[in-house]
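Report on the following structure.
The values are calculated or read from the model by the stated rules, or taken from the named source; none is laboratory data. Please read these numbers as outputs of a predicted model, since none were measured by experiment. In this analysis, Cβ positions are derived from the backbone assuming ideal geometry, glycine residues included, and neighbour counts consider all displayed protein chains. Heads up: the accessible areas ignore ligands, DNA and RNA and are worked out on the full protein's heavy atoms, side chains in. Shrake-Rupley method; radii C 1.70, N 1.55, O 1.52, S 1.80 Å.
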Amino acid sequence: MTSSLTQTLDDIVKDGDPVISVAPVRLSASDRPVPLEVRISAPTTGTNLPVVLFSHGNGWNLDGYAPLTAFWASRGFVVIQPTHLDSRRHGFGFDDPVFPTIWTERIADLTRILDQLDSIEAAVPGLAGRIDRNRIAVTGHSWGAQTAQALLGARIFDDAGQVGESMSDDRVTAGILFAATGIGGDDLHPFAQANFPFMRPSFQELATPTLVIAGDRDQSKMSSRGPDWFTDAYTHSPGATDLLSFYGAEHALGGIVGYEVAETTDENPERVAVIQRMSTAYLRTALQVDESSWSTARDAFRNSASPIGRADSK
């Protein structure tokens, strides 16, 4: 049954349009161990379309996260999804020599996409000339959120405790982080400390407008911190001005990866429907499609008769 909140949000994000999705599209990446392939999804109509890059979580690929990416595309965004090196399709395990650099290669994948928008336009029938390259957002889930936040300005502490170089990209003007891992330190489990240097982020440099989405039952296997760990990007960065915390949500947030996959331990179609619409409303405002979409959707979320989460702003 469609909830009253979902119905209200539908009025804000409008009806969806037909979508064309093309995959795999191979992009130039001569220094990459395997070719870089992406999925491109776009509405069949419309011009001056904003762009949304989506970085998948550990092990996934360009075919995942359709509950989000297909919805965004139907609401007027060109959505681009790479398959990163950590995908199970590639088979690079923890002991592979490639693995220690995968986190930086993930970030490089997003930059490669931005560098090749001409090729992306040409790969989709009817898309040429319809992309607005001045309106670009980067989004991601879990490890993908860490990847996305680098382009938004977040940095990594090195072994000496110094903040590393910026990998931000000024072509990106907004972001959404889904279940983004938090700050490091003694709370990180030894395995994470040894294998995941990117789990020592500094959020102070993340100044790009960003929405953080987290679940209040998301308990990481990498940190002894509780679910609040996944809200650190909001707590510690100047750019992450909005936070949606969903009650009862675990790491898949109800099924944003897919409804019937192993990662979805907390399947909840209603929650996914709300996340689809709230994230779309944020993108519509952040990418200058409709300046009132986000504030109106946030008010509706806060005033719902049957709240499924809370919205914080700063």
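Kindly provide the set of residues from the stretch 126-153 that are under 17 Å from Asp109 (Cα atoms) and over 14 Å from the mean Cα position of the chain (by Cα), ordered by number. Within the stretch 126-153, just Gly153 meets the criteria.
So for the stretch 19-38 (the condition being touching a residue at least 60 places away in the same chain (Cβ under 8 Å), touching a strand residue (DSSP E or B) at 6+ places or on another chain (Cβ under 7 Å) and either aromatic (Phe, Trp, Tyr) or in a loop (DSSP other than H, G, I, E, B) (or both)), does at least one residue qualify? Yes, because at least one residue in the stretch 19-38 is touching a residue at least 60 places away in the same chain (Cβ under 8 Å), touching a strand residue (DSSP E or B) at 6+ places or on another chain (Cβ under 7 Å) and either aromatic (Phe, Trp, Tyr) or in a loop (DSSP other than H, G, I, E, B) (or both).
When restricted to residues that are within 13 Å of Ile136 (Cβ to Cβ), in contact with an Asp or Glu (Cβ under 7 Å, 6 or more places away or on another chain) and not polar (S, T, N, Q), the stretch 48-93 contains 2. Of Arg88, Arg75, Arg106, all but one fail to be closer than 23 Å to Ala128 by Cβ and within 20 Å of the chain's Cα centre (by Cα); the exception is Arg75. Cβ-Cβ distances below 9 Å connect the following pairs, each with a first residue in the stretch 114-126 that is touching a residue at least 60 places away in the same chain (Cβ under 8 Å), a second residue that is among the acidic types (Asp, Glu) and assigned to a loop (DSSP other than H, G, I, E, B), and a separation of six or more residues or different chains: Leu114/Asp169. When Ala122, Ala108 are checked against the criterion of being open to solvent by 40 Å² or more (accessible area, probe 1.4 Å), among the small types (Gly, Ala, Ser) and part of a helix (DSSP H, G or I), Ala122 stands alone in meeting it. If you go through the stretch 283-314 and keep only what is surrounded by 13 or more Cβ atoms within 10 Å (Cβ to Cβ), touching a helix residue (DSSP H, G or I) at 6+ places or on another chain (Cβ under 8 Å) and of a type in the set (A, V, I, L, M, F, W, C), you end up with Leu283, Ala286, Val289, Trp294, Ala297, Ala300, Phe301, Ile308, Ala311. The single condition among (1) surrounded by 15 or more Cβ atoms within 10 Å (Cβ to Cβ); (2) at pLDDT 95 or above; (3) not in a loop (DSSP other than H, G, I, E, B) that Met167 does not satisfy is (3). Go through the stretch 203-229 residue by residue and tally those that are open to solvent by 10 Å² or more (accessible area, probe 1.4 Å) and not charged (D, E, K, R). Residues that pass the stated criteria total 10. Restricting attention to the stretch 85-105, which residues are open to solvent by 30 Å² or more (accessible area, probe 1.4 Å), among the aromatic types (Phe, Trp, Tyr) and part of a helix (DSSP H, G or I)? Passing the criteria: only Trp103.
Scan the stretch 211-230 and give yes if some residue there is β-branched (Val, Ile, Thr), farther than 15 Å from Ser142 by Cα and under 18 Å from the mean Cα position of the chain (by Cα), otherwise no. So far as the stretch 211-230 goes, no, none of its residues is β-branched (Val, Ile, Thr), farther than 15 Å from Ser142 by Cα and under 18 Å from the mean Cα position of the chain (by Cα).
Filtering the stretch 54-84 to residues that are buried (at least 22 other Cβ atoms within 10 Å of the Cβ) and free of Cβ contacts under 8 Å to residues at least 60 places away in the same chain leaves Leu62, Thr69, Ala73, Ser74, Val78, Val79, Ile80, Gln81, Pro82, Thr83. Filtered by the rule that a residue be open to solvent by less than 50 Å² (accessible area, probe 1.4 Å), in a loop (DSSP other than H, G, I, E, B) and of a type in the set (Val, Ile, Thr), the stretch 230-280 gives Ile256, Val257, Val261, Thr264.
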